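The structure under discussion appears below in the form of structure tokens.
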Amino acid sequence: MDDKGMLIRGRFAQRLAQVMEQINASIGFDRKMAMQDIAGSLAHAEMLSHQQIISADDFAAIRGGLEQIREEIREGRFTFSVALEDIHMNVESRLGELIGAQSGRLHTARSRNDQVATSFRLWVRDAHDRASALVLELIGALLDLAERNATTIMPGFTHLQSAQPVTFGHHLMAYVEMFGRDHARLCDSRARMNESPLGAAALAGTSFPIDRAFSATALGFDRPMHNSLDAVSDRDFAIEYLAAASLTMTHLSRFAEEIVLWMSPQFRFIQLSDAWTTGSSIMPQKRNPDAAELIRGKTGRVTGSLVGLLTVMKALPLTFSKDMQEDKEQTFDASETLELCLQAMIGMIGDLTPVPERMLAAAGAAHSTATDLADWLTRVIGMPFREAHHVTGRLVRLADERGCSLEQLPLAAMQEVDPRVNDDVYGVLGVENSVQSRRSLGGTSPERVRDEIARWRSKVQVQA
Ligand code: ARG
């Protein structure tokens, strides 16, 4: 029997069945945490030495070995072994090859349970940081596009029916609000998760005189976790990350859906260049926004990961159960997907050009300023809003009967519906006027949109 895989099998005479090895091993995916595992081991060894639990000489040998392993992995020279189950045992076994028996002192006052909890936490913390940076970049791209389109008029929709004219800048700023909340959620979850499980050992703590604050600080954690059972069995941090990622993907997906709609020949509100569109193998005229469709499609993967991990955790008794090994693949996949989709969205936003004349024409269609007319009847003529709504409805019907827009109705025709209407009404019927007039806080007027862009720019500057 070769001794790979026998590192912790002192009491076993036989090696694992092949399928057992296959279901048990996580090295195929948890090798992604190699750097975090080594960082955790370095911090742990330094703490052991500082506390004189191991000698300075042992620490120096362990550190030298771990640093060499880090180089081997970075340079792709490390041989990962399935028989060694996971990244933790692969590194420990290699350390033994490099420095001999001294390597065995590294695992003093530690268990794989707090080791994996630490490595995975460090990995998820990095994932938070990468996602946060990309979300800020996305917000920056949206702000730039919104700034260029603070006065570009487009239809605002409810039920995907033209409702009232808005500015394209205002529409984009709605996504800035969404991604701003996503960023806040990531920061919030990162702050909560930044505690160290290291030193909880298997589940109950240890009899060695360790200093958990020392290793926590070395790893950039704010403090050690305060309950050893919780420390090894908590995966809230990954679930919170996946929840934040899922909601970010949901926002990306909604925007992606709008890109798909706006790119369709029926809308033609925007154009994407060749760099961001694909053709059809049979229909030469096609220009498809595949990246937007894929963002929409990939959203399910990330939400699936969230539901997957919640389901893994939902009936687990304290503390560690091997089920928890299933936390990693879906989290890795979700973060890879999220980051790719954020990058794709940043790229598309930088690339897309609006077609203002199409947007304007659509904004003016379907009596989109009817609310402005009703508001005018209330504000200027003094009708109760419900009556104004009714009068406007009759004017809309009249315009439909004549096949014209509201502003094309002659005054005499309007006065037949209600004699109080006067010439000033034409001032509120154009889309331009409609948009300019909506100056309430959070409204669509260009000046409000510019205020919001400025507010977000200073907010982003503080966070970046
Ligand atoms: N590979 C394992 C995981 O991913 C490491 C923890 C193993 N701990 C244990 N008691 N078997 O969770």
For this session: Being buried (at least 17 other Cβ atoms within 10 Å of the Cβ) and among the acidic types (Asp, Glu) is the filter here, so list the residues in the stretch 400-431 that pass it.
Result: Glu407, Asp418
For this session: Sort out which residues of the stretch 1-34 are under 23 Å from Ser103 (Cβ atoms), away from the ligand (no atom under 14 Å from the Cβ) and assigned to a helix (DSSP H, G or I), and write them in order of number.
Result: none
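In this structure, is Gly403 small (Gly, Ala, Ser) and within 19 Å of Ser368 (Cα to Cα)?
Criteria met by Gly403.
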Exercise. Quick check: is even one residue across the stretch 3-22 of a type in the set (S, T, N, Q) and under 29 Å from Ser196 (Cα atoms)?
Worked result: no
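So for the stretch 2-24 (the condition being under 25 Å from Leu229 (Cα atoms) and free of Cβ contacts under 8 Å to residues at least 12 places away in the same chain), does at least one residue qualify? Explain how you work it out, then say what you get.
Initial filter on the stretch 2-24 (under 25 Å from Leu229 (Cα atoms)): 8-9, 24.
After this cut, where a residue has to be free of Cβ contacts under 8 Å to residues at least 12 places away in the same chain as well, the list is 9.
So far as the stretch 2-24 goes, yes, one or more of its residues are under 25 Å from Leu229 (Cα atoms) and free of Cβ contacts under 8 Å to residues at least 12 places away in the same chain.
Looking at Arg185, Arg110 in this structure, which one is over 30 Å from Ile8 (Cα atoms) and among the basic types (Lys, Arg)? Please lay out each step first, then the result.
Numbers: Arg110 fails: over 30 Å from Ile8 (Cα atoms).
Result: Arg185 is the single residue among Arg185, Arg110 that is over 30 Å from Ile8 (Cα atoms) and among the basic types (Lys, Arg).
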Exercise. From the residues in the stretch 152-186 that are of a type in the set (S, T, N, Q) and part of a strand (DSSP E or B), which one is modelled with the highest pLDDT?
Worked result: Thr167
Problem set entry | Leu352 being touching a residue at least 60 places away in the same chain (Cβ under 8 Å), more than 16 Å from the ligand (Cβ to nearest atom), farther than 24 Å from Ala256 by Cα and under 26 Å from the mean Cα position of the chain (by Cα) | no
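Return a yes/no flag: does the stretch 386-407 have any residue that is among the hydrophobic types (A, V, I, L, M, F, W, C) and more than 26 Å from His159 (Cβ to Cβ). Give the steps one after another, and end with the answer.
Our first condition is that a residue be among the hydrophobic types (A, V, I, L, M, F, W, C); within the stretch 386-407, this holds for 388, 391, 395-396, 398-399, 404, 406.
Of the ones still in play, those that are also more than 26 Å from His159 (Cβ to Cβ) are none.
No, there is no match, as no residue in the stretch 386-407 is among the hydrophobic types (A, V, I, L, M, F, W, C) and more than 26 Å from His159 (Cβ to Cβ).
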Exercise. Which condition breaks for Cys404 when tested against (1) outside any helix (DSSP H, G or I); (2) within 16 Å of the ligand (Cβ to nearest atom)?
Worked result: (2)
Exercise. Is there a residue being among the β-branched types (Val, Ile, Thr), loosely packed, with under 15 Cβ neighbours inside 10 Å and within 30 Å of Gly297 (Cβ to Cβ) anywhere in the stretch 351-369?
Worked result: yes
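Every residue in the stretch 202-218 that is among the hydrophobic types (A, V, I, L, M, F, W, C) and crowded, with 21+ Cβ neighbours inside 10 Å, please. Walk me through it before giving the result.
Initial filter on the stretch 202-218 (among the hydrophobic types (A, V, I, L, M, F, W, C)): 202-204, 208, 210, 213-214, 216, 218.
Within the stretch 202-218, Ile210, Ala216 qualify.
I need the full set of residues from the stretch 96-138 which are touching a Phe, Trp or Tyr at 6+ places or on another chain (Cβ under 7 Å) and small (Gly, Ala, Ser), in order please. Outline the logic, then answer.
The initial filter retains those residues of the stretch 96-138 that are touching a Phe, Trp or Tyr at 6+ places or on another chain (Cβ under 7 Å), namely 108-109, 113, 121, 124, 127-128, 135, 138.
Matches in the stretch 96-138: Ala109, Ala127.
Does Asp37 count as in contact (Cβ under 8 Å) with a residue 24 or more places away in the chain, touching a His at 6+ places or on another chain (Cβ under 7 Å) and within 15 Å of the ligand (Cβ to nearest atom)?
yes
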Exercise. Restricting the first residue to the stretch 361-372 and requiring it to be under 12 Å from Met154 (Cα atoms), which pairs with a second residue that is in a helix (DSSP H, G or I) meet a Cβ separation below 9 Å and a spacing of at least six or different chains?
Worked result: Ala363/Val431; Ala363/Ser434; Ala363/Val435; Gly364/Glu407; Gly364/Val431; Ser368/Ala362; Ser368/Val431; Ser368/Ser434
Problem set entry | Filter pass, Gly28 being over 15 Å from Gly199 (Cα atoms) and among the small types (Gly, Ala, Ser) | yes
Seminar exercise, completed: Selection from the stretch 295-345 of residues away from the ligand (no atom under 11 Å from the Cβ) and among the charged types (D, E, K, R) yields Arg296, Lys298, Arg301, Lys314, Asp333, Glu336, Glu339
For this session: Among the numbered conditions (1) of a type outside the set (Lys, Arg); (2) farther than 23 Å from Arg235 by Cβ; (3) out of contact with any Pro (no Cβ under 7 Å at 6 or more places or on another chain), tell me where Ala191 comes up short.
Result: (2)
Problem set entry | Evaluation of Ala56 against (1) farther than 23 Å from Arg9 by Cα; (2) surrounded by 19 or more Cβ atoms within 10 Å (Cβ to Cβ); (3) among the hydrophobic types (A, V, I, L, M, F, W, C); (4) more than 16 Å from the ligand (Cβ to nearest atom) (one fails), failing number | (2)
Problem set entry | In the stretch 80-137, the residues that are basic (Lys, Arg) and either more than 16 Å from the ligand (Cβ to nearest atom) or surrounded by fewer than 18 Cβ atoms within 10 Å (Cβ to Cβ) (or both) | Arg94, Arg105, Arg125, Arg130
For this session: Would you mind finding the one in Ser440, Ser458, Ser434 that is surrounded by 14 or more Cβ atoms within 10 Å (Cβ to Cβ), among the polar types (S, T, N, Q) and either outside any loop (DSSP other than H, G, I, E, B) or under 44 Å from the mean Cα position of the chain (by Cα) (or both)?
Result: Ser434
Exercise. Among the residues of the stretch 200-225, which ones are touching a residue at least 40 places away in the same chain (Cβ under 8 Å) and within 16 Å of the ligand (Cβ to nearest atom)?
Worked result: Ala200, Ala201, Ala202, Leu203, Thr206
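The values are calculated or read from the model by the stated rules, or taken from the named source; none is laboratory data. Quick caveat, the model's predicted, so the values are computed rather than measured. Counting neighbours? That spans all protein chains shown, and the Cβs are built from the backbone with ideal geometry, glycine included.
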